[in-house]
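Q: Got a structure here, written out as structure tokens. Questions coming.
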Amino acid sequence: MMPKGVSAHVAIEFVDRHAYPQEWPSMPGCANDARSMRLLSSDRGFEPLPLLLNASATRLAVKNTIADAAKRLERGDVFLLTFSGHGAEVDGGDDEDRDQTWVLFDGQLLDDCLNKAWGLFKPGVRVVVVSDSCHSGSILHARGEGKASRHAGTTETKSIPRRLQDAYVDVHRAELKRMKDDCGAAAPSACVIQLGACQDAQETDPPPTPESNSPFTAALIEVFESHGGHVAGGYTAYVDLITRQLHKPQQQASFLQIGVPDPTFVSGDPFRV
């Protein structure tokens, strides 16, 4: 039986004002990243799941989408998940310096929760996560790897100004702790790899116009297309080429792998089913 691929694409341009401080910055154009990655992956043979954009991109919707894909995929199949939006950090507690988060419509999703979700996939499944967000060096959540110090954040990048993130955490502290406590830290039995826009202590830029892609997604697509989808050296070489394409010395795209290693998959062409 031929392997199959399923893809899901998430983007947040604005959030629920009841869940976040009123001044929380919007970010027009991130939906373009989701649509572009949906098109790229469809051309590679992935079956796209419904787009999760803005109000539809809740924490429950993202977790349910991952769980649905996990039920459908068997050994040798591939799940691609892309995210474009704000990334943030919260205090990681005793086990690590910081937790990375995706800023979703109704609240932030901890990297611990994503780590738990990868455990739903069967052995032999391959999972690829593309995170076009700030502080995305270890959004897969590999404890002890790549965790770094906090940055202040600016409204010119996909990071959140510190005062706004502090205000969010103050309101949701008990919820965030409960979320972390419920997630655990079991290693997934699938091969899970991540392509991040930057390292944990770095920030990445939003789309320059509402009609544009974010610079990281634009670079990812440009490198992919200029190589005809074939990159010698696989995903790690691909990430290096994306970093060069960004032309931003203070930003390095990230690669991370957790779960059961699959050298053949990692060294193969990007986004190949």
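What follows draws every value from the coordinates through simple rules; no lab data is involved. Every value quoted in this text rests on a predicted model; they were computed, and no experiment measured them. As a convention, Cβ positions derive from the backbone with ideal geometry for all residues, glycine included, and neighbour counts pool all protein chains shown.
Q: Between region 155-226 and region 1-41, how many Å separate their Cα centres?
A: Each part's Cα centre sits 11 Å from the other's.
Q: If we count other beta carbons within 10 Å of each Cβ, what is the order of His172, His230, fewest first?
A: His230, His172
Q: Go through [x] 50, 38, 32; [y] 64, 44, 27; [z] 66, 51, 36 and flag the label whose value is the computed Cα extents along the principal axes in Å for this structure.
A: [x]
Q: Between Thr209 and Lys4, what is the label-point separation in nm under the 7 Å Cα-to-beta-carbon projection?
A: Taking the simple label geometry, Lys4 and Thr209 are separated by 4.0 nm.
Q: Counting only trypsin sites (Lys or Arg not before Pro) that are in a DSSP loop and have at most 14 other C-beta atoms within 10 Å, tell me the longest site-free stretch of the chain.
A: In the chain, the maximal stretch lacking such sites is 76-273.
Q: What distance in nm lies between label points placed 7 Å from Cα along the C-beta direction at Ala67 and Leu51?
A: Using points 7 Å along Cα→Cβ, the separation is 2.6 nm.
Q: Same structure again: Taking the Cα-to-Cβ direction at Arg244 and at Glu175 and moving 7 Å from each Cα, how far apart do the two end points lie in nm?
A: 4.5 nm
Q: Separate question: How large is the dipole of the chain about the Cα centre if only Lys and Arg carry +1 and Asp and Glu carry -1, each at its Cβ, rounded to the nearest 20 debye?
A: In debye, rounded to 20, the chain gives about 560.
Q: Counting only GluC sites (Glu not before Pro) that sit in a DSSP loop (anything but H, G, I, E, B) with at most 12 other Cβ atoms within 10 Å, what is the longest stretch of the chain containing none of them?
A: Excluding the exposed sites themselves, the longest stretch runs over 24-155.
Q: Ranked by Cβ crowding within 10 angstrom, fewest neighbours first, how are Cys134, Cys30, Cys191, Cys183 ordered?
A: The order, fewest Cβ neighbours first, is Cys183, Cys191, Cys30, Cys134.
Q: If you don't mind, there's one more thing I want to ask. Quick one: order Asp111, Asp16 by neighbouring beta-carbon count within 10 Å, fewest to most.
A: Ranked by crowding around the Cβ, least crowded first: Asp16, Asp111.
Q: Any idea what the relative contact order of region 67-135 is, in percent, if you count C-alpha pairs under 8 Å spaced at least 6 apart?
A: Across region 67-135, relative contact order equals 49 percent.
Q: Further question on the same structure: Please figure out what share of the DSSP beta bridges in region 5-266 is antiparallel and state it in percent, rounded to the nearest 5.
A: Approximately 35 percent, going by the DSSP bridge assignments.
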